[in-house]
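Take a look at the structure set out below.
Values quoted throughout were computed directly from the atomic coordinates according to the rules given, and no laboratory measurement underlies them. Everything numeric here is computed off the predicted structure, so don't read it as measured data. Neighbour counts are summed over all protein chains in view; Cβ atoms, including those assigned to glycine, are modelled from backbone coordinates with ideal geometry.
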Ligand SMILES: Nc1nc2c(c(=O)[nH]1)N[C@H]1C(S)=C(S)[C@@H](COP(=O)(O)O)O[C@H]1N2
Ligand SMILES: [Mo]
């Protein structure tokens with residue numbers, strides 16, 4: 001984009017007027033003349049800033065909601081950030097309506113986050129001379145401003161990097177991703193709010209008058225322009241559009257999913273047939289031993305105040321069965337459209353062990369022996385919802401091993417994480 005001397009002291013290219021003495025070599029990033037792009041200036045920075053103001057606010061809110069969706073205050077197994085303290089002040093019982101609530105929330109969070117990457121990078125590029133200002137601090141107020149800038153830039157980059165790594169590398173830091181991303185979000189957002197409050201009036205002025213104010217961002221010795229400012233914005237916007245177009249498809253089925261070239265859960269659906277929708281962890285990955293899931297070996301153990309019941313899969317399939325059309329919506333931002341699940345209502349299982357019309361919370365454990373998502377707690381409102389099932393079938397066929405055979409949980413509006421697969425044990429009541 002901009003022509004920047006490759007090394008300090010590079011002679012000016014032919015055609016460039018000779019430099020005033022003050023701007024000539026030696027040049028380092030600490031001298032304003034080092035930064036020569038004519039694109040830098042208050043207008044360009046302000047446009048990007050306003051886009052990020054809206055976008056990052058939505059990212060923060062959907063991120064907080066995503067944490068609440070786990071019902072972390074219900075049970076320690078749901079809480080991936082147990083030391084959150086007062087940062088959990090806003091938590092609430094996650095509802096079961098509308099049934100696509102988490103799908104929408106997380107689709108927006110991840111898709112928007114990825115789409116904003118070019119805007120974030122352009123914004124950093126546009127203000128990079130400021131990061132090199134010397135002296136580092138002229139006064140206490142200036143020192144505080146620079147520290148907040150460091151938290152802003154560092155926090156922003158950290159949130160985008162941890163988010164993308166988690167999506168792309170499939171829980172590269174199991175368990176630790178959540179606290180990193182959660183605490184990082186609070187630090188980043190605090191610096192972001194301070195920055196927005198301080199800069200907003202100036203940004204609005206910059207946008208309205210469309211002429212260059214005196215600003216440290218304007219290169220004192222600009223290079224020849226290679227594109228216009230509007231052209232640069234279109235370039236950034238085009239990058240965002242490209243990322244959006246190659247990500248958003250992971251929230252849909254069929255041909256649309258195949259457009260999600262950048263998403264690990266994009267592309268073609270796995271296999272064919274009724275169970276050909278995305279799989280998070282396969283049975284082999286979770287080390288589910290087929291000998292433990294056979295009709296003879298597997299028993300569902302249900303416990304409550306009325307005692308314990310053990311049911312084979314055949315016995316379960318003779319209980320009243322119901323259907324619900326519900327999606328799988330993963331924290332990583334991919335989701336399926338509604339699938340037809342068929343199985344036993346969770347509240348009917350509660351009734352079997354002593355809770356006739358007051359279904360309580362339930363703690364669900366999988367056959368899986370290792371892994372952060374082998375157990376989860378569901379709240380009473382989720383158990384009571386007639387669409388919440390212990391599913392035995394999906395789309396008219398037996399569950400496949402990868403989708404949780406012999407039985408798996410499916411709950412409306414909830415994150416994929418609580419839809420425990422290969423269920424072995426359910427404990428109703430005091431968690
Ligand atoms: N036992 C067990 N259940 C699990 C998981 C797991 O790792 N182990 N992953 C969960 C997550 S994170 C998601 S998104 C869904 C995915 O369900 P699917 O593979 O059937 O699409 O299963 C959930 N159930
Ligand atoms: Mo997930």
Distance in nm between pseudo-label sites at residue 186 and residue 90 (7 Å out along the Cβ direction from Cα) | 1.2 nm
Between residue 228 and residue 140, what is the FRET efficiency for a Förster distance of 30 Å, r being their Cβ-Cβ separation, to the nearest 0.05?
-> 0.15
How far is it, in nm, from the label point at residue 319 to the one at residue 356 when both lie 7 Å from their Cα along the line to the Cβ?
-> 1.8 nm
When you have a sec, figure out the Kirkwood radius of region 290-428 from all distinct Cα pair distances and drop it here in Å to one decimal?
-> 14.8 Å
Angle between the Cα long axis of helix 229-245 and the longest principal axis of the chain, 0 to 90 degrees, nearest 10?
-> 10 degrees
If you take the beta carbon distance between residue 199 and residue 246 as r and set R0 to 30 Å, what does 1/(1 + (r/R0)^6) give as a FRET efficiency, to the nearest 0.05?
-> 0.40
Taking only Cα atoms, what is the 0 to 90° angle, nearest 10, from helix 140-169's long axis to the longest principal axis of the chain?
-> 40 degrees
Taking a crude spin-label model, label points 7 Å out from Cα along the C-beta direction, the residue 299 to residue 28 distance in nm is 7.5 nm
Estimate the FRET efficiency between residue 287 and residue 76 by the formula 1/(1 + (r/R0)^6), using the beta-carbon distance for r and 30 Å for R0, to the nearest 0.05.
-> 0.80
Consider a paramagnetic label point 7 Å from the Cα of residue 308 along Cα→Cβ; state which residues of region 339-359 have an amide N under 19 Å from it.
-> 349-355
Using only Cα atoms, find the angle between the long axis of helix 177-209 and the longest principal axis of the chain, and express it within 0 to 90 degrees, rounded to the nearest 10.
-> 40 degrees
Over the chain, what per residue volume does the convex hull of the Cα atoms give, in whole Å³?
-> 164 Å³
Taking the chain and dividing mean pair separation by its residue count, relative contact order in percent (alpha carbons under 8 Å, at least six apart) = 19 percent
Just need the relative contact order of region 355-431 here, percent rounded to a whole number, with Cα pairs under 8 Å and 6+ apart.
-> 39 percent
Exposure-ranked with fewest Cβ neighbours within 10 Å first, 57, 45, 115 stand as 57, 115, 45
